[in-house]
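One structure is given below, encoded as structure tokens.
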Amino acid sequence: MQDRPTTLELLAAVRDFVIRDVVPTLDGRRQFHARVAANVLAIVERELRDGDAQLREEWTRLRTLGAVAADRDGGPHDVDDDVPPADPATLRAAVVALNADLAARIRAGDADHGSFRAAVLHHLRATTDDKLRIANPGYLAEASR
Amino acid sequence: MTRAPDVLPQHLGPRNERPAVDSGRGRGPLERARRSVQSFLDYSRGDSYAGAVTAAELSERLASYLTRATGGAVAIAGLRQLPGGASRETWAFEATLAGEPQPRRLVLRRDPGPTSVDSDRAHEFQILRAARAAGVPVPEVYWLGDDPEALGARFFIMEYVAGETLARRLLRDAEYQHARGVMTAQLGAILARIHALDTTVQGLDFLAAPRTGRGAAQTEVERYEQLYRGLAPEPHPVIELALRWLETHLPAPGRETLVHGDFRIGNVLFDADGVHAILDWELAHRGDPLEDLGWMCVKAWRFGGPLPVGGVGERDELFAAYEQAGGGAVDPAAVHFWELFGNMKWAVICIAQARTFLDGGVASLELASLGRRTAEVEHELMRLID
């Protein structure tokens, strides 16, 4: 186990340094890039904090959507005791695969209307909100006003 | 040096037919999309490409070019590079022509490096000349440098027009309060004039047109769908949903006119009185005139402003001014289609920019961070899709 400060605490320290000590010494394009760098660090901090939980929720929603689609198609489905993969890389790969399935269904017209469309819209709104909670929470706050 | 290399995958290039909006320039649609985004990124302005000439050298070559072009001695002063994106260089300077007491303030637009005969600059020169003849406020163009030997790249020289282009200033600075009030109506009237321009009479036959058998809307949707499928490193169900929506809500083909192609607040030169000039005609093509109205309403161009038209105006006001200036009846549902299309296009451009970073072509933090801006555009798409 590593000693304190934690990863998040270290990142926050670097971000503070960039904003307080670096940005004021630069101008023009380099100052802008220093601000972008600080903003990217803030994204990384939020993702480290909330990214895994969001990904598990997205996985669960996508599995439920898959079940809705399978139900409609009359296919087998059994997601009651489903749990998301514990390993983060496996989880990410699983979500990418589920998103590819969803994309294919949308492209085929499966989500053109009806209850599956409603479920897809609901899922994608939750997903885009979550993405913004990490990428740009200020934008989300403004858009929800 | 942040000029994005053309990383367009081979399979995205011309297949059985030429890409509709490639206009025979030998460049892929991705490069065109990139140029669009580069001119959006105000902070990327001022870049130059590797091997750029020095101001002193350029000054000397400009003087000898203008001396030949005007047939009298020309003195150049104050040459300086202006912010201008990665797809071309823009320089301001003063030239004193033989027999003229006052120096002229001029602008040089130069291709970024040697190019083929069918130059972007030659097309831009012709479009600007035609637009001005049609009463559209644009800088007056003077000399087209046909000989790449003269300045090391294709170029043209035009009038210097003073003004501001930073949207954030327009939205927030007190000195632009009047401009904020009048701009929407001005933009509507200007668009009507742009769309009335007869491209066949004006010799603009090089402009890309909708594919045969398809309408303008379908052509544009297919173009960005192709880009998306070729470039996105991961699936995007929201973009898929947007593409499906667009394909199932194509507006009935209407008029086919000149389309500016990048008509948004960042390409408007303004002062305290409002619009002074319309800039950046590089994405001009033939298509549905309502495409320009929809693009102007895309959320990214509001820069946090509360109103849909560039943050400063209402849609109704834009449409009314457009109709009153002879632009033809505006179907708000069709403009909604183009606004949704514009958001999809902007999302694909964000993905394309991030892809450039991921492919290792450009080690740029701003390109990398654009990948995460896709989330904003997807959120807006979900708001627009019913």
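Where a number appears in this text, it was derived from the coordinates with a stated rule and is not lab data. Quick caveat, the model's predicted, so the values are computed rather than measured. Methodologically, a virtual Cβ is constructed for each residue, glycine included, from the backbone with ideal geometry; neighbour enumeration extends over all protein chains shown.
Take the Cα gyration tensor of the range B:97-225, multiply each eigenvalue by 5, square-root it, and list the three semi-axes largest first, rounded to whole angstrom. Don't skip to the end; give the middle numbers.
On the way: eigenvalues 151, 143, 49 Å².
Equivalent ellipsoid of the range B:97-225: 27, 27, 16 Å, largest first.
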(request) Give a quick list of GluC sites (Glu not before Pro) in the range B:121-186 that DSSP marks as loop, anything other than H, G, I, E or B, with at most 14 other Cβ atoms within 10 Å. (result) B:Glu140
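Quick one: plug the Kirkwood hydrodynamic radius of the range A:3-145 (C-alpha pairs) into Stokes-Einstein at 20 °C, 1.002 mPa s, and report D in µm²/s.
Working: Rh = 17.9 Å.
Answer, rounded: 120 µm²/s.
Please go through the range B:174-241 and write out the chymotrypsin sites (Phe, Trp or Tyr not before Pro) that DSSP classes as loop and that have at most 16 other C-beta atoms within 10 Å.
Values: sites: B:Tyr176, B:Phe206, B:Tyr224, B:Tyr228; in loops: B:Phe206.
Sites meeting the loop and neighbour criteria: B:Phe206.
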(request) Relative to the longest principal axis of the C-alpha atoms of chain A, give the angle of the C-alpha long axis of helix A:88-107, reported between 0 and 90° and rounded to the nearest 10°. (result) 50
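Given R₀ = 56 Å, FRET efficiency for A:Glu47-B:Ala75 by Cβ-Cβ distance, to 0.05?
Details: r = 58 Å, r/R0 = 1.03.
Result of the calculation: an efficiency of 0.45.
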(message) If I model a spin label at B:Glu234 and A:Arg29 as a point 7 Å from the Cα along the Cα→Cβ vector, what separation in nanometres do I get?
(response) 3.0
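May I ask you to derive the FRET efficiency for B:Tyr160 and A:Asp71 from their Cβ-Cβ distance with R0 = 56 Å, giving the value to the nearest 0.05?
Details: r = 66 Å, r/R0 = 1.19.
Approximately 0.25, to the nearest 0.05.
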(message) Averaging over every viewing direction, what projected area does the convex hull of the Cα atoms of the range B:139-193 cover, in nm²?
(response) 5.8
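Step by step: find N for the range B:257-386, compute 2.2 N^0.38 Å, then divide the Cα radius of gyration by it. What's the final number?
On the way: Rg = 15.8 Å, N = 130, 2.2 N^0.38 = 14.0 Å.
This ratio for the range B:257-386 stands at 1.13.
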(message) Need one number: nm distance between label points at A:His122 and A:Asp21, each 7 Å from Cα along Cα→Cβ, rounded to one decimal.
(response) 5.1
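Using a Förster distance of 41 angstrom, determine the FRET efficiency expected from the C-beta separation of B:Ala329 and B:Leu365, and round it to 0.05.
Values: r = 46 Å, r/R0 = 1.12.
Calculated value: 0.35.
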(message) If I model a spin label at B:Ala174 and A:Ala93 as a point 7 Å from the Cα along the Cα→Cβ vector, what separation in nanometres do I get?
(response) 6.1
(message) Below 8 Å, C-alpha to C-alpha, sequence gap of six or more: please give me the relative contact order for chain A in percent.
(response) 22
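Taking each pair of different alpha-carbon atoms in the protein assembly as shown once, compute 1/r for the pair, average those values, and report the inverse of that mean as the Kirkwood hydrodynamic radius in Å to one decimal.
On the way: mean 1/r = 0.0398 Å⁻¹.
Hydrodynamic radius (Kirkwood, Cα only) of the protein assembly as shown equals 25.1 Å.
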